[in-house]
């Protein structure tokens, strides 16, 4: 945890995901940590903030979430392009040293028994709301946000600062086959 | 429907939403059309493509979806910034002429009894998969994609062309309070 990380007002935590970034999902169970990428994560409620994330049955992280009942959704940056793609295409089942190979550095937050990925722009600690039908039929997991933080160099006072921050902090938006887009220009509507 | 609109390979329809754009949701029932904006829409499966969208209980469009069992998710462009914000902040319940005021032009697709919004970059016709618990508890609606089209000036052969297309075709990513970001730079990862 670095000196730029600050808590986010729970009522504004949904804004961390509102623009649809690709995220990293991390979880821990029985001493095992894992991190995966997920393009299919989405805000679903304001207060308390809730979100959805699709976790395929072959994802090792899914089992950690099911066993521990908690997980972290975090927003990776352009500086983490390669890391994001690597954790999204390799499996802990095949490569036990996946996180080391992907240059993932984990850190802790006081009071949370969860692995947070260093270098991201925002973090949402979540409690799984168990919905067995959704999980088994659709691979759909629902989380309630129990803690939110952001790097104040790119998200402050409830607002993303992409237009002023170092471009390395821009969020990633995955399409397919190694193609991402970074978030772009700010546009404001009146009224 | 203009000459640039072409069907999208069903196996690649998920790519229309994969980068997390804010979308327009449209539906029709008993002769009434409506269109709303939704930042909380997300791909959830590849083939057949499925998606989730959050439809608040106060949204007039929700009732049209519940009654007709079908809806369209479409991807608006930077050229539709004001339209997107207007349909996202006004309600048909208060303003029966909402669509006219928002300058929404609707068109049809042969074989689909649905209102499509002209000027978007992509369209996903969906059949509601009824899940009453999700709908009532979380305002969460699940759709199976039954038709997909894109404007070939910005999505062709299964790929977004944001980096080469007219910037007016960029997707919108809403945050809050009238603040959107446009999609930005293309980034490619090897391997």
Between residue B:153 and residue B:90, take the C-beta separation as r, use R0 = 22 Å, and let me know the FRET efficiency to the nearest 0.05. 0.15
What list do you get for B:50, B:100 if you sort them by fewest beta carbons within 10 Å? B:100, B:50
Mind checking A:39-48 for the average number of partner chain beta-carbons within 10 Å of each residue's beta-carbon? 5
Could you check which residue among A:63, A:38, A:27 shows the biggest mean-square fluctuation in a GNM of chain A with a 10 Å Cα cutoff? A:63
Hey, quick one: spin label on residue A:129, modelled 7 Å out along Cα-Cβ, who in the stretch B:26-67 has an amide N within reach, i.e. under 13 Å? B:54-55
Please give, to one decimal in nm, the separation of the simple spin-label points placed at residue A:100 and residue B:108, each 7 Å out from Cα toward the Cβ. 6.5
Can you compute the FRET efficiency between residue A:186 and residue B:164 using 1/(1 + (r/R0)^6), with r the Cβ-Cβ distance and R0 = 25 Å? Round to the nearest 0.05. 0.70
Please compute the Kirkwood hydrodynamic radius over the stretch B:7-67, one decimal place, Å, based on all pairs of different Cα atoms. 12.6
Distance between Cα centroids, the stretch A:63-89 to the stretch A:156-177: provide it in whole Å. 17
Taking each pair of different alpha-carbon atoms in the stretch B:5-182 once, compute 1/r for the pair, average those values, and report the inverse of that mean as the Kirkwood hydrodynamic radius in Å to one decimal. 16.0
In nm, one decimal, shortest first: how far is the label point of residue B:156 (7 Å from Cα along Cα to beta carbon) from the matching points in the other copies? 4.3
For the protein assembly as shown, count the residues as N, evaluate 2.2 N^0.38 Å, and divide the Cα radius of gyration by that value, please. 0.93
Could you pull the copy-to-copy label distances for residue B:100, with points set 7 Å along Cα to Cβ, in nm to one decimal and sorted shortest first? 7.0
Two-decimal Rg to Rh for the stretch B:1-102 - Kirkwood Rh, Cα set: 0.96
Quick one: if the Förster radius is 56 Å, what FRET efficiency do residue B:3 and residue A:2 give, using the C-beta to C-beta distance and rounding to 0.05? 0.60
For the protein assembly as shown, what does -39500 (n - 2.57) per DSSP helix run (n ≥ 4), summed and divided by total residues, give at 222 nm, in deg cm²/dmol to the nearest 500? -4000 deg cm²/dmol
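Counting other beta carbons within 10 Å of each residue's own, what order do B:12, A:156, A:57 fall into, fewest first?
A:57, A:156, B:12
Every read-out reported here was derived from the displayed coordinates using simple, explicitly stated rules and does not represent laboratory data. This structure is a prediction, so every number in the text was calculated from the model and none was measured. Because the Cβ atoms are built from the backbone with ideal geometry, glycine has one as well, and the counts that use them run over all protein chains shown.
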